[in-house]
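Input: a single structure, listed below in structure tokens.
The values are calculated or read from the model by the stated rules, or taken from the named source; none is laboratory data. Remember, it's a predicted structure, so these values are computed and weren't measured experimentally. Quick reminder, even Gly has a Cβ in these numbers, built from the backbone with ideal geometry, and neighbours come from all protein chains shown. Side chains included, ligands, DNA and RNA excluded: accessible areas come from the protein's heavy atoms. Shrake-Rupley method; radii C 1.70, N 1.55, O 1.52, S 1.80 Å.
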Protein chains: 2
Amino acid sequence: MSENPDVTAIRDQIEAWAAAVRAQDMPGILRNRSDDMVMFDVPPPLQLRGIAAYGASWPQFFEASPKPIRFDIMDLQITAGDDVAFAVALMRCAVIEDGDADLDFRLTVGLRKIDGRWIVAPEHHSVPAED
Amino acid sequence: MSENPDVTAIRDQIEAWAAAVRAQDMPGILRNRSDDMVMFDVPPPLQLRGIAAYGASWPQFFEASPKPIRFDIMDLQITAGDDVAFAVALMRCAVIEDGDADLDFRLTVGLRKIDGRWIVAPEHHSVPAED
């Protein structure tokens, strides 16, 4: 019950981010992310660079998602040092194009503590490739 | 020219790992990885848990790869704290089944410093999903 307070802060932040995605709350989605963040997303392209490109990627997901939006954290593991951390999660969303099928995906984020706040820099979402 | 020595150590380690993949050198591939590591790989399944499952995933890649094996680091960014770090890379391999086509993929790893050595715990490889 005495979890590292940085782990608690990062868990709260990732849960708030997932809730913001479900609510299509763009300021909440963008909160605590680096201006020069790199995003490896599920759809192409290979990478997105910068917070503007990251923000612009979300409407495509909202359109592809049945409502209410599913964006659930199934399993989350956080490793935090003094000022560098990473988190790994299994997540579940859903997509209209597969008959509203659930879609499980993998998430990895790297974070840095800047002025007392944990900021996400790289963010990596993926599904396994088709056989 | 005064790079953080932890960043240098992690870069050297990732370059040695990529060289071990090219050489199909399994001890080199497994070096500096956690026994309980989690791997999100390009092919299914959603996740692999543990160093044995990680090791068992490589022959499939070797068989799918034209020889000599391509496994090149195109761009590598490392963020290191005192005992936690992460690295993000764009990588290039090749696959026989696409007519020996190049295949670009994304890599994220998280590392912890244990007894003075940087150890990879989560490792995430992916390609964008098909449109």
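Please find, in a Gaussian network model of chain A (springs between Cα atoms separated by less than 10 Å), the residue of A:A89, A:A16, A:A101 whose mean-square fluctuation is greatest. Checking each option, the largest mean-square fluctuation is seen for A:A101.
Anisotropy class assigned to chain A is prolate, per the alpha carbon gyration tensor with a/c at or over the 1.5 cut-off and a/b larger than b/c.
In the range B:69-96, comparing the full protein assembly with the chain on its own, the residues that lose 20 Å² or more of accessible surface at a 1.4 Å probe are B:T79, B:G81, B:D82, B:V84, B:F86, B:V88, B:L90.
Of all lysines in the structure, those lying under 19 Å Cα to Cα from A:K113, and not within fewer than 8 positions of it along the same chain, are B:K113.
Pull out the extension gain between B:W58 and B:D115, defined as 0.36 nm times the separation in residues minus the alpha carbon to alpha carbon distance; nm, one decimal. Let's see the in-between values first.
Numbers: separation 57, 0.36 × 57 = 20.52 nm, distance 2.76 nm.
Net length gain for the segment: 17.8 nm.
Give me the accessible area buried between chains B and A, both sides summed, with a 1.4 Å probe, in Å² rounded to the nearest 100.
Details: alone 7680 and 7670 Å², together 12570 Å².
Buried area (both sides, nearest 100 Å²): 2800 Å².
Other residues lying with their Cβ under 15 Å from the Cβ of B:L48 contribute a combined charge of -3, Lys and Arg counting +1, Asp and Glu -1. Position A:A56: other-copy label points at 4.4 nm, ordered by increasing distance, label point 7 Å along Cα→C-beta. From the alpha carbon centroid of the range A:18-57 to that of the range A:93-109 is 17 Å.
Considering only B:S2, B:N32, B:A64, and ranking their Cα positions along the charge dipole of the range B:1-78 that arises from unit charges at the beta-carbon of Lys, Arg, Asp and Glu, the one farthest toward the positive end is B:A64. Each copy carries B:D115; placing its label point 7 Å along the C-beta direction from Cα gives inter-copy distances of 4.2 nm, listed from smallest up. Interface residues of the range B:97-131, defined as those losing at least 20 Å² of solvent-accessible heavy-atom surface relative to the isolated chain (probe radius 1.4 Å), are listed as B:D104, B:R106, B:T108, B:R112, B:P122, B:H124, B:S126, B:V127, B:P128, B:A129, B:D131.
Solvent-accessible area of the protein assembly as shown (1.4 angstrom probe, protein heavy atoms only): carbon and sulfur portion equals 50 percent. Of the residues making up the range B:21-48, those losing 10 Å² or more of accessible area when the isolated chain is joined by the remaining protein chains, with a 1.4 Å probe, are B:F40, B:D41, B:V42, B:P44, B:L46, B:Q47. Surface analysis of the protein assembly as shown yields an accessible area of 48 Å² per residue, using protein heavy atoms and a 1.4 Å probe. Using a probe of 1.4 Å on the protein chains alone, the accessible area found for B:M74 is around 100 Å². Between A:D75 and A:D35, the modelled labels are 3.9 nm apart [label points 7 Å from Cα along Cα→Cβ].
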